[in-house]
Amino acid sequence: MSENKTKTKQTKVVNTKAPKANVKAAEVKKGEELFVSKPVNLLLWLLSFALLIAAIGGNFYYTQHYVIDESSLQRLGRVAIVIAVIVIALGVVLFTNKGHKLLSFARESYIELKKVVWPTRPEAVQTTIIVFVAVSLVSLFLYLCDVVFLQIVRAITL
C-alpha cells in the first residue's frame, strides 16, 4: 500500500501555466525594482541636474563678474565649493532608482573582486619582465624595418 502512495505522489501534475499578467504590472520591466516612486525619482534627477547647473553657472558668474583680482585662497575656496556641490549632486543621484542599481552593482563587483586569485609578487615581476622584453624586441624589429625601408626609398628617389 505504501508503494501506491508514493506512485501517486510522483505522478501528480503541477499546473505550470502562469496567470496572465495585469497590463499595469507589465509597464514595469521584468526584474526592475522601484526603490522610490516615479515622481520622487524624477524630482531627485531634476534636483541633481539643478545642482550641477548651479555649480557650473555659479563658477562662471563668480570668475567673470564678481571678483577681478582673485587670490589663490579665494580660488581654492571657489573650487572647493564647486567640488562639494558636485559631490552633493552625485549623492542625490544615488538615491534614485538608477543610483540604487549602481550601488548594488558596486557591491556585487566588490564581492567578485574578493574572489579573484591575484598573482604573487614574483609571478607579477616575472610577467612584467617578459612583457618588457617582448615590447623591446618588437620595437627594435620595427625600427630596423623603418631603417631598411628608408634606405630603399632614398636609393630609389636619388
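The values are calculated or read from the model by the stated rules, or taken from the named source; none is laboratory data. Since we're looking at a predicted model, the values are computed, not measured. Here the Cβ positions follow ideal geometry from the backbone for every residue, glycine too, while neighbour counts run over all protein chains shown.
Can you say whether Ala106 is farther than 30 Å from Ser37 by Cα and of a type in the set (Gly, Ala, Ser), as far as the supplied structure shows? Against the criterion (farther than 30 Å from Ser37 by Cα and of a type in the set (Gly, Ala, Ser)), Ala106 does not qualify. Counting only residues that are at pLDDT below 95 and surrounded by 10 or more Cβ atoms within 10 Å (Cβ to Cβ), region 118-148 holds 1 of them. Looking at the structure I just gave you, is Phe105 at pLDDT below 95, surrounded by 10 or more Cβ atoms within 10 Å (Cβ to Cβ), among the aromatic types (Phe, Trp, Tyr) and closer than 30 Å to Ala55 by Cα? Answer is no for this residue.
With respect to (1) surrounded by 10 or more Cβ atoms within 10 Å (Cβ to Cβ); (2) out of contact with any Phe, Trp or Tyr (no Cβ under 9 Å at 6 or more places or on another chain), the lone exception for Gly99 is condition (2). With respect to Leu73, is the statement that it is over 24 Å from Val36 (Cβ atoms), part of a helix (DSSP H, G or I), at pLDDT 95 or above and not acidic (Asp, Glu) true? Against the criterion (over 24 Å from Val36 (Cβ atoms), part of a helix (DSSP H, G or I), at pLDDT 95 or above and not acidic (Asp, Glu)), Leu73 does not qualify. Looking at region 71-96, which of its residues are surrounded by 14 or more Cβ atoms within 10 Å (Cβ to Cβ), over 15 Å from Leu52 (Cα atoms) and of a type outside the set (A, V, I, L, M, F, W, C)? Across region 71-96, the qualifying residue is only Thr96.
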